[in-house]
Amino acid sequence: EAKSDGGNRLLIDVTNLFRSDLIQIQQRVNLAAGGSYSIDREKTVYNQIKAFPNNIFVQTAYHFTGSPQRGGGLVGILGSLAGGASLADPRSVPITINYNLWELPTNNGYVPRFYDPRVGYFTTTYQDFTRDVEDQTRRYILRWHIEKADPNAALSPPKEPIVFWIDNAVPYEYRDAIREGLLEWNKAFEKIGIKDAIVVKQMPDDADWDHADMRYNVVRWVTSPDNGYAVALFRANPLTGQILNASITIDGNMTRFTRVQFLRNIDPLAAFKQAEQQEQRCCDHHAHNSPHACTVVQDTVQRAWQGFVMMELLAGKRGATKVSEEQFIKDYLKWVAMHEMGHILGLRHNFAASRLNSLDELRNGELVRRRGTVASVMDYDPFNQAALHAPNTVYWNPTIGPYDYWAIEYGYRIFPDAKTPEAERPYLLQIARRNTEPELAYETDEYADRFDPHVTRFDLSKDPLEYWELVIKDTHALLEVLPARVPGAGESYYDFTRYFFGTVASFSTAAVQLSRFIGGLHIRRNFASDPNAQPPLEPVSADRQRRALRLLATYIFSENAFNFPKGLYLRLGPNPYGFGSVIPPDAPVRDFLSNIQRLTLARLMATDTLRRVANNEFKAVDPRNAFTMAELFDTLQGVIWSEARSNRAVLTLRRQLQRAHLQTLVDMLTKNTGAPDDAKLLARYHLRQLRELLAQQLPRVQDTYTRAHYSEAIETIDKALNAQYLLGMPEIRLPSLTELLGIGAGERR
């Protein structure tokens, strides 16, 4: 609009810039709603405009008008953009957007640092066309500008520390726990010669500054209607990777996990749903390469509640340490603060860090307090299950681990004689090549909860198989004592319903984790020149696959699995308040237990699992020690149809499981499931074997249900083995995995 006399100052009219569709919100609204919406210019206004020394803050109240598709998904867009609020009228969608603009620093002495895939940092990337090399991508890590005040001192405070303010909205009783979590990282900085790199201050009640002012890094405290979360956000220079400002937001609801009333929507099948959704989005690198993708608190709420209940009801019986509810919450908050502060320092998740200690070491309170329960707080580590079996230990990880020290060294060690990124590279390579040390293993979101059973969320100990067996045994023990404690005086039977199904959810979690060992591969980031380098992709040993399968056979598929006292089921009741719940009012416990079995079986017999089993078998250096697809089929058929070796009656839960197994084999023959050819071959072989076995037992069986069940199974097998079945017979099928989980269209219905 105008230019100063010298030409170095411009007047630009931005009146409509922040009322326009600058960040393509309209596209997201239409996609989520399945309808057609557009910005209502007259009702889109500026709520706030604030100018600070380092940034300009603009808050726009957008208004979209249009028509949603019948049955459209407006809940999705509101859940992500408007906090899940309800709309008075679906033709009118209000959304508030905050814009923040700040000036990028130049020539401030900051040296960008090269990224190395063996150490987990967020990155900024761009194409540098001046480089005549095959890969022209520049990758710098995101980090703060930390310099020693005294470059010659072995230990010196920084010129400018990272200063965080604790919001005055944080309750008094939790401020120390959050402060301790943030300051825990100073241990890593001290190891590289920087003292008090992080400073934490308390925001006074009469503070005269605004949270939107980028000069202040703040731990905010908010309260949403029914969510519990924590999130780390930061702003960085996209050209250099220098982090300029940050905040941590903690939802107050996360402190309520010890109160079962908060867990309104306990879902015993949640682990299967999460696994299915994770595998569907596993290739979404954009979602994973952002601190916004951290869901540690949302995902730990149920596990934290489970840990508290186990401590309350089991610890005293075993002579284990029992802490107060307040202390349990504070220890949990400190761990969350450590995790989110790690993101603020630039670190990504590390889901390979949980194998630091054995179960015996996790029982050692002195050891755990010194080096933590995991190698990195950037893992999603659960409460310390082993603490239920020993005195004087801790339930939540109390400190940063060996990987965290190493990662901070890579990102923040100062090299006085290196003034450019290229000059730093030789020093960085020497640090990064230590990645083969067991305590420094790193793997992040892209491959988490997929085919490497050591790269998962919420596992613990050097031997995850031993850990998951302990979880299952403790879950059984909890179910034994639960009726004597729940419901308490003045509580409804629905409290027992929530406790029961919340406890049963542990079986789902354990089943999902154990199933990852079958056809599993260990993934490693080491380079060929690293000391003690190992294969980048190596099949899980046959012994460990067999052991995982035996655990599933024993605790999920055997005749004794889920053999709980029937009196438990008479204590299940509907929700007296009428709130929506995953658990129907009639509490169909058989269906839920059956679905745990069926969904576990579906994972083991899934196309991807069978494909990996076949490929691992092919790659085996010694075929005699390979875990084979034939062994998988033999084991499952043996344990699932164990009654067919005698004239014993087949009970209802077992009949459900056997039908699911039979249908799985039938589908391999009659449908284009994508299963490997050897799987189809084995399916036909086992169907013939099963038919022969059932035909032998049918005349000897007295139980009417079992006779009908065997007769139906024989008829189904005959149809599957008969070519006419493909041409004209009606399809016999059970619900698909997606239908069982309620994902997709079924969930919307």
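The values are calculated or read from the model by the stated rules, or taken from the named source; none is laboratory data. What you see is a predicted model, and the numbers here were worked out from it, not measured in a lab. Cβ placement follows ideal geometry from the backbone for every residue including glycine, while neighbour counts extend to all protein chains displayed. For accessibility, only protein heavy atoms count, side chains too; no ligands or nucleic acids. Shrake-Rupley method; radii C 1.70, N 1.55, O 1.52, S 1.80 Å.
Available extension along the chain between residue 249 and residue 312 is 19.7 nm, counting 0.36 nm per residue and deducting the alpha carbon span.
Across every pair of different alpha-carbon atoms, what Kirkwood hydrodynamic radius in Å does the range 604-644 reach? Don't skip to the answer; put the middle values down first.
On the way: mean 1/r = 0.0903 Å⁻¹.
By the Kirkwood definition, the hydrodynamic radius is 11.1 Å.
Counting only heavy atoms of the protein chains, get the accessible area per residue of the chain (1.4 Å probe) and round it to a whole Å² value.
Details: 34210 Å² over 749 residues.
Roughly 46 Å² per residue, with all protein chains present.
For residue 166, the residues whose amide H sits under 5 Å from its own are 201, 202, 203, 219, ignoring neighbours fewer than 5 places away on the same chain, with H placed 1.01 Å from N. Toward the positive end of the charge dipole of the chain, with +1 on the Cβ of Lys and Arg and -1 on the Cβ of Asp and Glu, the farthest Cα among 270, 200, 362 is that of 270. Treating r as the C-beta distance of residue 130 and residue 564 and R0 as 56 Å, the FRET efficiency rounds to 0.25. Pair-distance distribution P(r) for the range 1-65, from all Cα-Cα distances in 5 Å bins starting at 0: 3, 14, 19, 18, 16, 12, 8, 6, 3, 1, 0 percent. Spin-label pair residue 107-residue 680: with each label point 7 Å from Cα along the Cα-Cβ axis, the two points sit 7.0 nm from one another.
By the Stokes-Einstein formula, at 1.567 mPa s and 4 °C, the chain with its Kirkwood radius over alpha-carbon pairs has D equal to 45 µm²/s. Close amide H partners of residue 36, meaning residues 5 or more places away or on another chain with modelled amide H under 5 Å apart, are 67, 69.
If you place +1 on the Cβ of every Lys and Arg, -1 on the Cβ of every Asp and Glu, and leave all else neutral, what size is the dipole of the range 594-656 about its Cα centre, to the nearest 20 Debye? Mind showing how you got there, number by number?
Values: 10 positive and 6 negative charges, 51 e Å.
For this selection, approximately 240 debye.
The portion of the accessible surface of the chain made up by carbon and sulfur, rounded to a whole percent, is 50 (1.4 Å probe; DNA, RNA and ligands excluded). Candidate cross-link partners of residue 322 among the aspartates and glutamates, defined by an alpha-carbon separation under 18 Å and a same-chain spacing of 8 or more, comprise 312, 331, 366, 474.
By definition, a body whose alpha carbon gyration tensor gives a ≥ b ≥ c is prolate when a/c is 1.5 or more and a/b is larger than b/c, and the range 387-470 fits this prolate description.
With a threshold of 23 Å on the Cα-Cα distance, the over-threshold entries among 195/334; 680/719; 159/419; 201/330; 191/334; 191/462 are 191/462. Taking amide H as placed 1.01 Å from N in the peptide plane, residue 244 has its amide H under 5 Å from the amide H of 235, 236, 237, each at least 5 places away in sequence or on another chain. Our coupling estimate for the range 186-203, obtained by passing each phi through the Karplus curve with A = 6.51, B = -1.76, C = 1.60 and θ = phi - 60°, is 4, 4, 5, 5, 4, 5, 10, x, 10, 9, 6, 5, 10, 10, 10, 10, 9, 5 Hz, Gly and Pro reported as x. For a straight C-alpha distance cut-off of 30 angstrom, the lysines reachable from residue 566 (same-chain residues fewer than eight places away being disregarded) are 273, 317, 473. Calculated translational diffusion coefficient of the range 462-550 (25 °C, 0.890 mPa s; Stokes-Einstein with Kirkwood radius over alpha-carbon pairs) equals 153 µm²/s.
Dipole check for the chain: with +1 at the C-beta of Lys and Arg, -1 at the C-beta of Asp and Glu, and the Cα centre as origin, the magnitude is about 1500 Debye. Positive contributions from Lys and Arg (+1) and negative ones from Asp and Glu (-1), summed over other residues with Cβ under 11 Å from the Cβ of residue 315, come out at +1.
Would you give the gap between the C-alpha center of the range 161-211 and the C-alpha center of the range 569-608, rounded to a whole Å? A separation of 44 Å, based on Cα centres. Taking each DSSP H run with n ≥ 4 as -39500 (n - 2.57) and averaging over every residue of the chain yields -12000 deg cm²/dmol at 222 nm.
So what is the relative contact order for the range 555-671, in percent, with contacts set as C-alpha pairs under 8 Å and at least six apart? Mind dumping the intermediate values first?
Values: 61 pairs, mean separation 34.3, N = 117.
Rounded, it is 29 percent for the range 555-671.
Measuring between their Cα centroids, the range 388-437 and the range 92-124 lie 22 Å from each other.
So what is the relative contact order of the chain, in percent, for Cα pairs below 8 Å that sit 6 or more residues apart? Display every interim value, and only then the final one.
Working: 1230 pairs, mean separation 70.8, N = 749.
Relative contact order of the chain: 9 percent.
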